[in-house]
Each structure stands twice: as structure tokens, then as C-alpha cells.
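J.: Got a structure for you, questions after.
The values are calculated or read from the model by the stated rules, or taken from the named source; none is laboratory data. Source: prediction; values computed, not measured. We place every Cβ from the backbone using ideal geometry, glycine too, and count neighbours over all the protein chains shown. Ligands, DNA and RNA are excluded from the accessible area calculation, which covers all protein heavy atoms including side chains. Shrake-Rupley method; radii C 1.70, N 1.55, O 1.52, S 1.80 Å.
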Amino acid sequence: MKPRTPKRAMALLAALLISLPAVADVASDRAMREALEAARNRDWSRIDDAAINDHVLAGYVEYHRLRSQLPHVAPSVVNSFLQRHADSPLSDWMRGVAQVSYGDAGRHDALLAVSDGVPRGTIRQCHYYTALLDRDPAAAAEGGLELWLTGRSQPSECDALFDTLLSRGAIDAQAIWQRMMLAWENGEDGLMNYLARKLPGSWSDAQQALDRVKGDYAAVTRIPVNLGHQGQASAALFTAAMHNFTRADTEAALEAWRKIGPHLPLSETQRHVVEHDLAFYSMVREVSNNQGWVDDVLPRLAEGDLLELRVRRALAERNWNEVVHWVHQMPDDPRQDARWQYWLGRALEQLGDEQTARKAYAAAADDRSFFGFAAADKLGQPYALNMAQATFNDAYRREVANWPVVQRAEALQRIGEPGLARSEWYAAIERATEEEARALADYAQQRGWYATLVQTTIAADQWDALAWRFPNAYQDSFQRWGNANGVDPFLLMGIARRESAFNNEAVSPVGARGLMQLMPGTAAHVSGQLGIDTPSMNELFEPETNIRLGSHYISRMLDRYSGNRLAATAAYNAGPGRVDRWLRDAPQEFDLFVESIPFRETRDYVQAVLAYQVIFASLAQNGSTQGIAMLSPAERQGSYDISLLARN
């Protein structure tokens, strides 16, 4: 029998050898974390250069050091940095701060030396065109005029550019007037007054007409058609006046337009904008006296958003002939959408044309969406998931793991910089080939970076990569709290996917937080119902806490609406008070109820969540939709009115 000691010794030695790189990485990462913190604070004495020089993130410290030397450093030094970090967002960031720094210092030659074309962002563009004033006056004038023509105040970095162009006449009285009219449309009275002082006296008649219409929009029919020097004020004034009049009193605005429109010196584009506004607000505000005019101009305007409103109006009135007519008037792209093919089929079915209706339903059923699935139900056929799958062998995955961007993203995660890690990742996706983008998505999935994975598929247009777009994120928690609250876990996953794209640190503009986007007030209310402590703001970012509270809240909404997920998910998004009101006036059929939801966000939300639930359930069956129904019989056949309320 062989002695055991050598085996134990070999095992210990192997374990030690495996652990050594990890120990080294920990020490190196600690040094980098401390160096990056010191660099941000410009505390250069705390940085141990020897400890970080070979670290994959050394460029981040170099970025802060070089930034601190601007604008005095030579542009050649900046360009060297840009070249060495061309595959990292550090390059774009450095170029941007260098352009602003050189611009602020008036080092225009240096600014142009580090530029690779027209930069992004207003401040950088103003610096860039200021630098071109003497080198390329025509380009400076063209770019500067584009920056000038806005109805908002521009940053002070644009002042030198604008002043020079004004003095050269590149920004003339007509451009001043055009900007005044844009400011009027935006309600920027201060900017209007500032610009008025720059107008020459020959524009006094235009100013007087403006003052008259500002006090009384109806006066637009009583002012001269020819205003300003050689009539240069007329088009912009009448376009802006109709913009404001339409929003203030749509019916009166159309009456005025019908009187003066044919006689105004407007371009086709300006005329189209005015009539688009009139048609849009006439339909949104349901101005019945304008409807005949709207129906006359819609075929000529041929705008998808206007025709969508017109079809929805016909649906609300259950005028199936008009539904067919206006769907056929749509441009090709929106008309071929599953939503409108479904409604075309529905209208034809109501009119007794079963054969053509089935063709429309079949066209819709090819789509992976709410109305595509609803059309498939009409035909009694399986849902079309249209899945694409990509597989990678282990050797290629090891190669991907060694890509510099992956190494940097991993290192940034290790040192507690997830935001920078995502920046690295998304910058790489923008540059990646299709194959590289798929490889990066696969890597994110293997690592369990759910939010990064979803955003990768969006940035790379990987719309059919369902396993990546809809990953099994936090599945155990969704399963646990779904079962505890009597809610399908796949519904919870559908809500979270729509709400946050599985970013557990997501914060909405109104303050909703976490995976299921809970408002702090809602979280406090639900916690009280559960008899638990109200979570702190940071605790709402914890997936377990957020899922627990969100699943309880949607379960209450399901109880409120007799288990109906369409009404419950609408309430999750828009609030139960609104849904209660909508149900009092709602059409009874499920599809008409969804289409009648007045908020586009909520309309899209309900459709997405129900479709996502189907996708998650199908992925759990390896992509098979067998036995999966988007709607229950009660949801598909029941009445959508106040009878849905458990307590009505």
C-alpha cells in the first residue's frame, strides 16, 4: 500500500500554486484601487507607480494624471495617450476633456491637433468651430449657424463664436429672427428680448406684428403677410405663431389656418409641420369640428403617427370599415407591423371577410410580440419565437476571456467600479463585429452579468438572441417570492425585465428603484402590509428585498382585478386609480381595452410584460411554446369593465 503523505503534500503544493496568482491579484488590485482613488483626488504622492505599472487598469491612473496637466501639456502627449488606449473609452474621454481644456485656454491649434472631426456635445462643438474661425471660416460659419439656430440659451463657451459670426455677418438679421421665433415656440421670453435688441430697425414691422400676435393669437389673420427686410421675417413668424396657436386653441387655430394658409410664403417643410401639428392636436384633443379637415389631409401628410391616431379613433368607435381604410393608408413600414396587421384582420373578421382576415392574422403571427401572439391565438397556431442561437467552444471562450476589454472589465468589477466596467463593455460593443458582439454576450451570460448582457444585445441589435435578451436572472428569488405570493414567477421576470432590464441598481427619473422599480412610498406601504421594517433606499437595490416587495405588490393588483394580468400590469405601471377609471369607460374586449389605454407608456408596458412572460416560460421549455398561452380564457373572453374590480 502506497503511503498517503506524498499525496497530501502534492495536494497542498497544488493548492498553494493555484492560490499564489490570486494572492498576487488581490494585492495588485488593492494597489490599483488605492491609486485610482488618489488619482481622482490628485494626491499623487499616495500612488505606488511600481505596484500598478503592469496592472491592466494602469491607463485609468494615467488618464487622471494627464488630465491634471491640461491645458499645458503638448497635444502630442495627448495623442500618444489616445493611440495607446484606442480600444478603451479612456480615449474618447481624454479627447473630450482635452478639447474643452484647450478651448477654455484659447489653445486653438492644440484643440484641432487632438480632434478627429466634429466632436459631440455643444460645448466641444463651440470650441471646435471657434478654433476654425481663422483656419476654415466657411466651416466655422456653417457649424456655428447650426449651433445658433436653437430656441434655448447656449453655454457661454459659444459666446466668442457667435460674436465673431455676428460681426462678420455670417449670422445675419434673418438668423437672429429665426432664433427669436424658435425661442418663442419654447417660451423663452428672456432669450427673445436679448435677440430683439440685436435686430436692425428695418425689422420693426416684424417686431410690431410679433407683439400683436403674442397678445392675441387670432390676430395672425390680420397682420401683413410680407414682414421684415424683403419679407424675410414672414415664414418663421407664421410658422411659430401657428405652433403656439395650435397648442393654445386647436379649433380656432385651424379656422385661422384655413383662411391664411394658402396665401403664406412657407416652404413645403414648414407647411407640413403646421398641418401635422393641427392634425395631431385635433385628434388627441378630439376636436370634432376639425375631423373632416383632418381626414382630408391625412393621406397627403402620410405620417405614421397621425394614421396610428386615426386608426385608434376608429377602433374606439368600433368603425371597422374605417379601421380597414386607415390601416391601408399607412406607409409600408408601420402597416406591416404585427399590431396593425392584427387590427386589419380583426376589422375584416368583424366585416365578415374571414379569408382575408386570416391572411392578415398570419402576417401578424410571424412576429414575436403581444399582437403577434394574439394573432396566433386567433389562428390556433404556436407562437413564433424566431429564436437565434449561438454556441462557442471552451477554447474560444478562453480566448475571449483574455481580450483586453474583458480583462479591464473584470478588473474594474474586482476593484468596485461597476460603472466603469459597463463603460468599457459598451464601448467595446460599439466597435465589435457581429461575431465579437456575440462572443461578448456569451461571456456576460457565463459570468452572470445580467444587466450588461441585456444591454449588450440591445447595443448589438441581437433581437433574436432570446436566451441572452431574457436571461434567467435571479430566478431562485423570483421563484421563491412568486410561489409565496401566488404569482407566476415568469410574470415577475417579465415585469423586472421591462422595468429595469435586470439592472438591480436602476433608478428612474421619478425615483423608482431596483429590479422591479419600486417607489420608496410603495415599498414602505407594502412593508407595512407585510409587517416588516421599511427598507432603506439602498436596500431597495438588493434583489431579494426588491423582488419580495414587488411580487407582493403585483399580487395585490391581481387580487384587485380578479386575477386579470392586463389590468394588474397596467396598474403596476400607471397606478390602480387610473386603471379603475379606464375600466369604467373601457371597451369590453381585451384587445380593445389594451388599445384604449390613453398612455402610450402603459399601453406598451402591458403588451411587453405579457409577451415577455410567454418568452420566459418558453425558454424554460428550451424554446418550446407548447402548452403556453399568453392569455387565460377569462382574460381573452371576459369583459373589461368595472366587473373586473374585486370590490366595485
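J.: Please work out if Val77 is under 35 Å from the mean Cα position of the chain (by Cα) and under 27 Å from Tyr102 (Cβ atoms).
T.: Spelling it out, it is not the case that Val77 is under 35 Å from the mean Cα position of the chain (by Cα) and under 27 Å from Tyr102 (Cβ atoms).
J.: Do we have any residue at all in segment 465-474 that's on the phi > 0 side of the Ramachandran plot, in contact with a Phe, Trp or Tyr (Cβ under 9 Å, 6 or more places away or on another chain) and open to solvent by 10 Å² or more (accessible area, probe 1.4 Å)?
T.: Within segment 465-474 (the criterion being on the phi > 0 side of the Ramachandran plot, in contact with a Phe, Trp or Tyr (Cβ under 9 Å, 6 or more places away or on another chain) and open to solvent by 10 Å² or more (accessible area, probe 1.4 Å)), the answer is yes, since at least one residue qualifies.
J.: Pairs, please: C-beta under 6 Å, at least 6 apart or cross-chain, first residue touching a residue at least 60 places away in the same chain (Cβ under 8 Å) and in segment 66-89, second open to solvent by less than 30 Å² (accessible area, probe 1.4 Å) and in a helix (DSSP H, G or I)?
T.: Going by the 6 Å Cβ cut-off, the qualifying pairs are Pro89/Ala427.
J.: Of the conditions (1) open to solvent by 60 Å² or more (accessible area, probe 1.4 Å); (2) of a type outside the set (Ser, Thr, Tyr); (3) out of contact with any Asp or Glu (no Cβ under 7 Å at 6 or more places or on another chain), His64 fails just one. Which one is it?
T.: (1)
J.: Let me ask something else about it. Could you please give the count of residues in segment 292-319 that are under 19 Å from Arg346 (Cβ atoms) and open to solvent by 30 Å² or more (accessible area, probe 1.4 Å)?
T.: 7
J.: OK, next. For segment 155-180, name all the residues that are touching a Leu at 6+ places or on another chain (Cβ under 9 Å), under 19 Å from Trp203 (Cα atoms) and open to solvent by 60 Å² or more (accessible area, probe 1.4 Å).
T.: Of everything in segment 155-180, those that are touching a Leu at 6+ places or on another chain (Cβ under 9 Å), under 19 Å from Trp203 (Cα atoms) and open to solvent by 60 Å² or more (accessible area, probe 1.4 Å) turn out to be Asp172, Gln178.
The rows are residues; the columns are (1) among the polar types (S, T, N, Q); (2) within 20 Å of Gln607 (Cα to Cα).
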site	(1), (2)
His263	no, no
Val274	no, no
Arg285	no, no
Gln291	yes, no
Leu298	no, no
Leu306	no, no
Leu344	no, yes
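J.: Sort out for me the helices (runs of 4 or more DSSP H) sitting completely within segment 122-225 that have 2 or more residues that are over 35 Å from the mean Cα position of the chain (by Cα) and hydroxyl-bearing (Ser, Thr, Tyr).
T.: Qualifying helices (runs of 4 or more DSSP H): 159-168.
J.: If you check Arg152 against the conditions, is it in contact with a Leu (Cβ under 8 Å, 6 or more places away or on another chain) and surrounded by 17 or more Cβ atoms within 10 Å (Cβ to Cβ)?
T.: Answer is no for this residue.
J.: So which residues in segment 351-373 are closer than 26 Å to Ala302 by Cα, open to solvent by 50 Å² or more (accessible area, probe 1.4 Å) and part of a helix (DSSP H, G or I)?
T.: Answer for segment 351-373, where residues must be closer than 26 Å to Ala302 by Cα, open to solvent by 50 Å² or more (accessible area, probe 1.4 Å) and part of a helix (DSSP H, G or I): Thr356, Lys359.
J.: List the pairs whose first member sits in segment 520-534 and is free of Cβ contacts under 8 Å to residues at least 24 places away in the same chain and assigned by the TED database to the domain that holds Gly550, whose second member is in a helix (DSSP H, G or I) and among the hydroxyl-bearing types (Ser, Thr, Tyr), and whose Cβ atoms are under 8 Å apart, counting only residues at least 6 apart or on separate chains?
T.: Cβ pairs passing all conditions: Asp533/Ser527; Thr534/Ser527.
J.: Follow-up question, since we're still on this one. Hey, Ala236 hits all of (1) out of contact with any Asp or Glu (no Cβ under 8 Å at 6 or more places or on another chain); (2) at pLDDT below 95; (3) surrounded by 18 or more Cβ atoms within 10 Å (Cβ to Cβ) but one; which does it fall short on?
T.: The number of the failed condition is (2).
J.: Checking Ala437 against (1) without any contact (Cβ under 8 Å) to a residue 40 or more places away in the chain; (2) open to solvent by 60 Å² or more (accessible area, probe 1.4 Å): exactly one of these is not met. Which one?
T.: (2)
J.: Can you tell me which condition Gln479 does not meet? The list is (1) without any contact (Cβ under 8 Å) to a residue 60 or more places away in the chain; (2) more than 28 Å from Pro489 (Cβ to Cβ); (3) open to solvent by 70 Å² or more (accessible area, probe 1.4 Å), and all the others hold.
T.: It is condition (2) that Gln479 fails.
J.: Could you please find all residues in segment 583-605 being free of Cβ contacts under 8 Å to residues at least 60 places away in the same chain and within 18 Å of the chain's Cα centre (by Cα)?
T.: Residues satisfying the conditions are Phe599, Arg600, Glu601, Thr602, Arg603, Asp604.
J.: Any idea which residue in segment 102-119 is most open to solvent (accessible area, probe 1.4 Å), counting only those that are in contact (Cβ under 8 Å) with a residue 24 or more places away in the chain and within 29 Å of the chain's Cα centre (by Cα)?
T.: Going through the qualifying residues, I end up with Val118.
J.: Pairs please, first residue from segment 188-211 and at pLDDT 95 or above, second anywhere and of a type in the set (D, E, K, R), Cβ atoms under 7 Å, 6+ apart in sequence or on different chains.
T.: Pairs found: Glu188/Arg152; Leu195/Arg179.
J.: I've got another one for you. Please determine, by comparing only the residues of segment 552-605 that are hydrophobic (A, V, I, L, M, F, W, C) and open to solvent by 10 Å² or more (accessible area, probe 1.4 Å), which one is nearest to Met630 (Cα to Cα).
T.: Phe590
J.: I would also like to ask the following. Which of the helices (runs of 4 or more DSSP H) contained wholly in segment 380-489 include at least 3 residues that are under 30 Å from Ser555 (Cα atoms)?
T.: Once the helices (runs of 4 or more DSSP H) in segment 380-489 are filtered for at least 3 residues that are under 30 Å from Ser555 (Cα atoms), what remains is 450-459, 466-469, 475-485.
J.: Of the residues Leu549, Leu540, only one is of a type outside the set (Val, Ile, Thr), farther than 28 Å from Ser643 by Cα and in contact (Cβ under 8 Å) with a residue 12 or more places away in the chain; which?
T.: Numbers: Leu549 fails: farther than 28 Å from Ser643 by Cα.
It is Leu540.
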